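Worksheet for the structure shown next.
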Amino acid sequence: MRLTSEEVDHIALLSRLDLSPAERERAATELSQILDHFEQLKQLDTADVPPTEHVLPVVNVLRADESRPGLPREGVLQNAPEHAGGMFQVPRVVEAE
Amino acid sequence: MSKYEIVIGMEVHAELLTQSKQFCACPNEAVAPPNTNVCPVCLGFPGSLPVLNAKSVDLSLRTVLAFDSKINTRCIFERKNYFYPDLPKAYQVSQRLLPLGEGGFIDIDVPNGDGTSTVKRVGLHDVHMEEDTGKSQHGESIGDPDSSLIDFNRSGIPLLEIVSLPDMRSVEEAEAYMTALRQLLLYLEVSDCKMELGRLRFEASLSLRPWGQEEYGTRVEVKNLNSMKAVRDSLRAEIERQTRILDSGGVVVQQTMLWDEASGTTQPMRSKEQAHDYRYFPEPDLVPLDIDSAWLERVRASMPELPRAKNQRFIEQLGLSSYEAGVLTSSREIAEYYEAALEGYTKSDGGAAKAISNWVCNELLGRVNAQNSSIAEAKVLPAQLRELVQLIDAGTISGKIAKEIFDEMFTSGRDAKSIVEERGLTQMSDTTELEAICEKVIAANPKAVEDYRGGKEKSFGALVGGVMKETKGRANPALVNELLKKALTQ
């Protein structure tokens, strides 16, 4: 099953990857091979196999509802490329009207 | 009537009443200086590990039990992937395949327009646990049209999303749904439901279809609704907009609209994030939940009597009117106040429940509402109200004086008894003393006496009023009636 170039572009957009034409071509080939492999797996009868929700045989890992103060704000913001008024500053995300 | 049937569904996000966040110990606070309630987990740092808050599971369970949903006792968390700056991990931990609750319902009271209402059952699609995102402010509002500012205090606050079926058929039903849901969440003490702080958020989806058509029309989601009024107004505006489109032969486009309070219109949300392809998959950092029956029973035992059951009990067992029961169960605080005041109080004529109800509904809530306060802040405690009513029963004070005393109690929080003693407000029930006053009033009002004897029953009232004036309202009214009649027929 060969992925179309539109499908590859869509996946690249969702993953925020900026692919060159050569990379796009390679991704199409490799992703198609992965999908083919899953097509092959689909031939197995899994009717009696419970879905794997987690690889560990562990459930109910919980913590008591107790709070403790957050990190000092200077530390929180120290690696931010830009900040203002105690907040992280990013390029505007909602388009202007 | 419009040509189209209105179809409304609701998505509700409720922030849960916990001390800490869903997956880390940062404080769950609605108001705090920006980016002070944050840590590596809720900032989405690589290598940090989320651990689920036990209380938040309990609160969520309480809610799905109240909705009578099917509970997935084994449930898992999944990652909902999308890029947005207020989502630091680039995914939101949520539930999709195995949400905590599936199905269930909320009964709502839909007003008939004549003071009565009809019960309608609104079905639920699912109820799932997730985490809140950070908060962003954009552009001009922050003095920089090219930037957005992000505060992550809200990131990771425990959130319960309640998704209804498209079962509502009018704006009134949508309002009744919001009221019933809010009341239930408050009773359950699951959320403080403060809409102005975003603790409870509604999103509506609305479509129109010609009457009789089975398929739903194209659905438009409306967001940015921070009050019940905003929901109501935005739905009305959206109904008008879609009606105009359909009337002119157009096609409604499936999209998300934002309510603009200032212009009173819905506007298409213009966002760079168009690609809603969430690619859910099981969250590998969180193991499944496996809720056994002991856990469920413990939560069930922690549940209060729910508003509908309470309402019915007040009507059937206490003999209250449905109006009174509605007022008294409108919030858990009011209902608990009422029940505390009623506790241990009986009346020989069986009117105890009604008597306390009158005082709570009229006198207490009247004053509380006039002050824009809440019953929880009232200075008069339930036992003090009961004592006041008992003083009337015992004939120590008249009902009229009781209201004056209550004014003082409401302002100062003092006991009725001490106010009565201090102000000498004890009801006069001394026959000899009252007889003398009746004689005096009769002597001073020859005209009224003559009229009464001539058959004008009304004049009797003037004489009673005279006695009350003489005694500053303290005379026992029943006794005054009796003594005056006796004196006048002599």
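The values are calculated or read from the model by the stated rules, or taken from the named source; none is laboratory data. Since we're looking at a predicted model, the values are computed, not measured. Cβ placement follows ideal geometry from the backbone for every residue including glycine, while neighbour counts extend to all protein chains displayed. Just so you know, the surface numbers come from the protein's heavy atoms only, side chains and all, with ligands and any DNA or RNA stripped out. Shrake-Rupley method; radii C 1.70, N 1.55, O 1.52, S 1.80 Å.
Using Cα pairs under 8 angstrom and six or more residues apart, how large is the relative contact order of chain B, in percent?
Numbers: 828 pairs, mean separation 67.5, N = 490.
Taking the mean separation of contacting Cα pairs over the length of chain B, I get 14 percent.
With the cut-off at under 18 Å, measuring from each backbone N in region B:193-212 to a point 7 Å along the Cα-to-Cβ line of B:SER374 picks out B:193-201. The modelled label-to-label distance for the pair B:THR116/B:ALA487, using points 7 Å beyond Cα in the direction of Cβ, is 5.0 nm. Put a plus charge on the Cβ of each Lys and Arg, a minus charge on the Cβ of each Asp and Glu, and nothing anywhere else: the dipole of the protein assembly as shown about its Cα centre is then about 1740 debye. For chain B, take the longest principal axis of its alpha carbons; what is the angle in degrees between that and the long axis of helix B:458-470, to the nearest 10 within 0 to 90? Approximately 90 degrees, to the nearest 10. Exposure check, 1.4 Å probe, all protein chains in place: B:TRP211 carries approximately 130 Å² of accessible surface. Between the Cα long axis of helix B:54-66 and the first principal axis of chain B there is an angle of about 70°, rounded to the nearest 10.
A straight Cα-to-Cα reach below 27 Å connects B:LYS21 with the lysines B:LYS55, B:LYS70, B:LYS80, B:LYS89, B:LYS135, B:LYS194, B:LYS223, residues fewer than 8 places away in its own chain not being considered.
Show that you can apply the helix-only estimate: for chain B, add -39,500 (n - 2.57) for every DSSP H stretch of four or more residues, divide by all residues, and state [θ] at 222 nm to the nearest 500.
Mean residue ellipticity at 222 nm (helix-derived): -11500 deg cm²/dmol.
Using r as the Cβ-Cβ distance of A:ALA47 and A:ARG68, and R0 as 56 Å, what FRET efficiency do you calculate, to the nearest 0.05?
On the way: r = 48 Å, r/R0 = 0.85.
Step by step, r from the Cβ atoms, then E = 0.70.
Computed from backbone phi with θ = phi - 60° and the Karplus coefficients 6.51, -1.76 and 1.60, the 3J(HN,Hα) list for region B:97-102 is 5, 10, x, 4, x, 10 Hz; x is used for glycine and proline.
Could you tell me how many degrees, from 0 to 90 and to the nearest 10, lie between the Cα long axis of helix B:228-247 and the main elongation axis, the longest principal axis, of the Cα atoms of chain B? Helix B:228-247 sits at roughly 60 degrees to that axis. Excluding same-chain neighbours fewer than eight residues apart, the lysines reachable from B:LYS310 by a Cα-Cα span under 16 Å are B:LYS354.
Legend: calculated FRET efficiency, B:SER48 to B:ASP290, from the Cβ-Cβ distance at R0 = 25 Å, rounded to 0.05, equals 0.55.
Taking the Kirkwood radius as the inverse of the mean 1/r across Cα pairs, report the Rg/Rh of the protein assembly as shown. Working shown, then result.
Details: Rg = 32.6 Å, Rh = 29.2 Å.
A ratio of 1.12.
Cross-link partners of B:LYS447 among lysines, defined as those whose alpha carbon lies under 22 angstrom from its own and excluding same-chain residues fewer than eight positions apart: B:LYS456, B:LYS458, B:LYS469, B:LYS485, B:LYS486.
Would you mind giving the mean number of other chain beta-carbons within 10 Å of the Cβ of each residue in B:56-64, as a whole number?
That works out to 1 on average.
Applied to region B:151-165, the Karplus parametrisation 6.51 cos²θ - 1.76 cosθ + 1.60 on θ = phi - 60° returns per-residue 3J(HN,Hα) values of 10, 9, 4, 7, 4, x, 5, x, 10, 10, 9, 10, 10, 8, 7 Hz, with x for Gly and Pro.
In percent, what relative contact order does region B:431-489 have, based on Cα pairs under 8 Å that are 6 or more apart in sequence?
It comes to 42 percent, rounded to a whole number.
Remark: the Cα gyration tensor places region B:4-298 in the oblate category, a/c being 1.5 or greater and a/b not exceeding b/c. Looking at chain B alone, DSSP beta bridges between its own residues are antiparallel in about 95 percent of cases.
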